[in-house]
Every structure is written in structure tokens, then in C-alpha cells.
Amino acid sequence: VAAATVRLVGEAVVTLDEADRVLCPGALDLNGDRIVWVGPPEEAPAGDVETRRVGGLLMPGLVNAHGHTPMTLLRGAGDGLPLERWLHDVVFPREAQLAAEDVYWGMLLGAAEQLTSGVTTTAEMYFFAGALAEAASEAGIRCALAPAIIDRPDGPPEARWPAFLADAEAVHKAHDGEDGRLRVDLGPHSAYLLPDEALAAVAESARRLGATVQIHVAETAAEEAGLEARRGRRAPELLEEVGLFEARVLAAHSVWLDDVDLDRYARHDVAVAHCPQSNGKLGSGIARVPAMLAAGLRVGLGTDGPASNDSLDLWGELRLAPTLARASATDAGALGTLEALRLATSSGAAALGLATGRLAAGHLADVVRLDLEDSRLGPALDPGDLVAHVVWSASSRLVTDVWVGGRQVVVDRRCTTVDVAGARAEVRARARRLRDAAAS
Ligand SMILES: [Zn+2]
């Protein structure tokens with residue numbers, strides 16, 4: 001009979017726990033889907049334990065706080081266009097051709113890409129959320145899934161917001177809590193794509209279901225100016241007025257916030273998913289992350305969809321967030337190295353409201369192993385040097401093994417839950433069909 005507790009012993013363990021301990025060497029005990037103990041190996045509790053000397057550097061799995069992973073089907077589309085034209089001229093026409101199976105394959109491939117990059121948790125907003133849930137579950141990734149809610153005012157009833165909301169509630173009923181890895185949220189796309197009454201109805205639904213709301217807020221200056229011209233207020237004020245901020249809200253982007261908005265977010269404990277690569281690629285701007293942290297906001301990092309990034313490799317965001325914060329403030333202290341790593345792990349988990357992102361007793365056993373033999377993680381003269389190397393020099397290429405909820409899903413750089421070659425072939429064929437159908 002196998003022991004119930006598995007002990008992973010690494011050459012180094014970057015915990016991101018409350019004391020931000022770096023242990024060299026370190027050990028963590030996993031039982032079921034949880035971490036039950038972390039510390040120096042010589043202090044480990046006695047008992048019936050299966051010890052695995054895995055070596056390397058162990059750290060919490062990364063948390064992707066905002067994504068549309070099935071958009072692996074649209075990777076690279078519309079490069080060079082600003083957000084409004086990119087959405088309306090390229091993305092929406094192809095998405096109008098989507099079927100549930102496309103979303104399944106796009107998510108399956110993207111989940112494998114995330115897992116092999118060391119991302120163990122992903123927040124997703126997309127259509128055909130039931131198919132997305134199935135793929136996430138099959139890949140074994142932890143997922144906060146928000147069925148997308150939009151509104152096509154000229155469309156048939158099934159394209160109007162009440163149908164999308166009813167569908168989202170049905171997905172919540174069917175999949176929330178599945179496998180202990182899947183949580184179903186609500187995903188109203190944005191204030192600019194939904195009328196006030198839709199946003200108010202989502203707020204009411206979120207309250208009734210106890211669901212978190214994922215929404216895009218203040219991504220571009222043009223979007224905010226348009227809202228002000230048409231509806232008299234910008235997104236943060238509008239969302240507060242319709243009651244959406246009474247729910248638990250994870251606001252993606254939030255690039256164009258003034259001090260009044262920051263205060264509004266703090267009052268309602270609105271969390272932010274900062275997407276520096278996507279905001280940079282689409283020319284949207286640079287979010288005020290240091291000011292958000294100073295205001296006490298919960299902030300995570302998001303890749304956004306692979307059509308605006310274009311990878312699902314959160315290591316890019318991990319490096320870009322402090323780079324942009326420091327460059328725009330001309331201050332090397334504007335966003336600390338450890339703070340940056342927290343954005344990708346513990347703080348991102350707090351933004352999602354999930355007990356992951358830390359190697360600490362009671363937290364979910366979401367663990368990543370990096371290859372410490374790689375020159376990019378050295379020299380480490382002090383344990384703290386490892387934190388700097390992880391942020392500034394490491395990359396997804398160093399990720400060798402990944403556990404989600406105690407289950408190993410990446411072994412020696414290979415995702416064991418997904419047939420990646422098969423999924424790539426499916427996505428390529430389906431991507432071609434979407435492009436050709438949208439063009440005709
Ligand atoms: Zn997005």
C-alpha cells in the first residue's frame with residue numbers, strides 16, 4: 001500500500017509563504033490535493049511517508065489571472081491593429097464561426113502549453129464554457145472559468161445577453177467545483193459591450209450563486225472615452241453604479257484608472273488581472289500597478305488570449321510587469337523583485353480567491369520544479385539570489401515537472417495528460433476553417 005503522504009525534497013524551495021522563506025534544501029509533504037508540511041528536510045515529521053528526492057528548485061505553480069486560452073485557434077491574427085479594430089474586424093468574425101468542439105481543442109492544446117510552462121491555475125473567459133470545462137478537466141489544470149456574456153443588439157434571441165446569462169448559470173450548475181479543480185464564475189465581457197440592465201442582472205446572479213465575476217475594465221483610453229460620450233460615465237464608475245462591484249470582482253486590464261477609481265476598487269475590494277504583454281502588443285497602455293499595490297488591491301498577472309500576447313507563457317508577464325513599472329517611473333524600486341514574483345503566484349491566487357500560489361501547509365499542492373543545473377539560475381551565492389534569478393533570468397524552458405492538486409501532470413518536460421501532437425493538428429485544421437469562413 002502506497003503511503004498517503006508524498007514528500008518532495010528539492011535542492012531549493014522558494015515558498016512564497018508568509019515569511020517568503022527560501023529553503024536550501026527544502027521539503028514539502030503532499031497529502032491528497034493539499035500541502036500538509038513545508039520545511040528543511042532534517043525537521044520533517046516522522047511517519048509513513050514516500051520520499052521522492054526530486055532535486056531542482058521547487059516553487060508554487062504560476063497563476064494566470066486572465067486568459068481566453070481557446071484563442072490558440074486565433075494566435076497571431078490581426079497583429080498591428082488597435083483593440084477596437086482587432087476585435088471587430090478580426091476576432092469577432094472568426095469567433096462567430098466557433099463550435100463547441102473548436103473550443104475544446106483550443107483549450108486542450110492551450111492548457112498543455114500552460115502546464116508545461118509551469119502555469120497550474122488559469123482564469124478563463126470564453127464561449128462554449130462547457131467544452132472549455134471538459135478540456136480543462138481532461139488536461140488537469142486548475143481553472144476559474146467564466147462563461148462569456150455578451151450582447152448582439154441586432155441579433156436573434158440566442159445572441160442577446162439574457163441567453164448568455166442563462167447559459168452561464170447552467171454551466172455553473174453543471175461544473176462548479178468539479179474535480180476540486182474547476183470553479184465557475186460569470187464573465188460579462190465589459191461595460192462597453194453590455195447595457196446597464198445586463199450588468200445589473202449579472203450582479204444579482206453573482207450574489208445569488210456566490211460566484212466571482214470576471215470582466216474587462218478600462219483597457220483602452222478610446223473605450224473609456226466612448227463610454228463617457230455614450231453613457232455619461234467611464235467603466236469603473238458605471239460598474240459601481242449598477243451594483244456590479246457588490247459582487248466579488250476580478251477586473252482584467254484596468255489600465256486607465258485615476259486615483260478616484262483606485263479608491264473605488266479598494267472600497268469594493270475589486271481585484272485586478274494585470275496583462276502587460278497584451279496591453280503592450282495592442283498599444284493600450286501601462287496599468288498603474290505600484291499605485292494599485294499601494295492602495296492594497298489584490299493584483300495578479302494575466303496573459304490574456306493568445307491572439308493578443310501571443311504566448312501563454314506567464315514568465316513573460318513576470319518579467320514585463322516590473323520592467324514596465326520601473327521604466328515608466330524611472331525608478332528601479334518601483335516594483336520589487338519579490339513583489340513581482342508574488343503577482344505571478346500568491347497575489348494572483350488572492351486575486352482569484354483560490355488557496356494556491358504558496359508552498360505552505362493548508363494550500364493546494366500546485367507545485368513546479370525548475371532545472372537548477374541550468375546556468376540561468378546561477379550563481380546563487382545567497383538563497384535570496386534564487387528569487388531574483390527566477391524573476392529576471394528563468395523561463396518556461398526551465399520547467400521540468402508540474403503537480404496540480406498533488407497529481408503530476410508534467411513529467412520531464414512532457415505533459416502526460418494531453419496528446420499534444422494530436423491537439424496541434426486539430427487546432428491547425430480548425431484555425432484554417434475559422435479564418436476561411438470569416439473571410440467568405
Ligand atoms: Zn481579455
Helix 259-268 versus the longest principal axis of the chain: what is the Cα-based angle in degrees, 0 to 90, to the nearest 10? 70
Please identify the trypsin sites (Lys or Arg not before Pro) of the range 61-104 that satisfy two criteria: DSSP loop assignment and at most 15 other Cβ atoms within 10 Å. Which are they? none
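How far, in nm, would the chain grow between residue 425 and residue 294 when pulled straight, counting 0.36 nm per residue and subtracting the alpha carbon separation?
Values: separation 131, 0.36 × 131 = 47.16 nm, distance 4.61 nm.
The span from residue 425 to residue 294 would gain 42.5 nm if fully extended.
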Multiply the residue gap between residue 97 and residue 158 by 0.36 nm, knock off their C-alpha separation, and tell me the result in nm, one decimal place. 20.5 nm
Over the range 140-196, what relative contact order in percent results from Cα pairs under 8 Å that are six or more residues apart? 45
Sites residue 89 and residue 385, calculated FRET efficiency, Cβ-Cβ separation with R0 60 Å, nearest 0.05: 0.80
For the range 230-242, 3J(HN,Hα) per residue [Karplus equation, 6.51 cos²θ - 1.76 cosθ + 1.60, θ = phi - 60°, Hz, x = Gly/Pro]: 7, 10, x, 8, 7, 4, x, 5, 4, 5, 5, 5, 7
Multiply the residue gap between residue 208 and residue 437 by 0.36 nm, knock off their C-alpha separation, and tell me the result in nm, one decimal place. 78.5 nm
So if I take the centroid of the Cα atoms in the range 370-440 and the same for the range 236-314, what is the distance between those two points in Å? 25
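What does the helix-only formula give at 222 nm for the chain: each DSSP H stretch with n ≥ 4 adding -39500 (n - 2.57), the total divided by the residues, and the result rounded to the nearest 500 deg cm²/dmol?
Result for the chain: -11000 deg cm²/dmol, rounded to the nearest 500.
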Okay, which of the range 236-267 sit inside 11 Å, backbone N to the point 7 Å along the Cα-Cβ direction of residue 196? 238-239, 241-243
On a 0 to 90° scale, report how tilted helix 196-209 is relative to the longest principal axis of the chain, with both axes built from alpha carbons and the result rounded to the nearest 10. 40
So, R0 is 60 Å and r is the distance between the beta-carbons of residue 54 and residue 166; what FRET efficiency does that work out to, to 0.05? 0.80
Quick one: of the DSSP bridges fully inside the chain, what percent are antiparallel, nearest 5? 40
What is the order of 107, 59, 292, fewest Cβ neighbours within 10 Å to most? 292, 59, 107
Going by alpha carbons, how many degrees (0 to 90, nearest 10) lie between the helix axis of 383-392 and the longest principal axis of the chain? 30
Under the classification rounded if a/c is under 1.5, otherwise prolate if a/b is larger than b/c and oblate if not, where does the range 303-422 fall, given a ≥ b ≥ c as square roots of the Cα gyration tensor eigenvalues? rounded
Label-point gap, in nm, between residue 31 and residue 259 - each point 7 angstrom along Cα→Cβ: 5.1
Over the chain, what is the mean sequence separation of C-alpha contacts under 8 Å (at least six apart), divided by residue count, expressed as relative contact order in percent? 21
Can you give the net charge of the other residues whose Cβ lies under 14 Å from the Cβ of residue 38, counting K and R as +1 and D and E as -1? -3
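The numbers here are math on the coordinates, done by the rules we state, and not lab data. The model shown is predicted, which means the values in this text are computed figures rather than measured ones. Ideal geometry is used to build each Cβ from the backbone, glycine not excepted, and the neighbour counts take in all protein chains shown.
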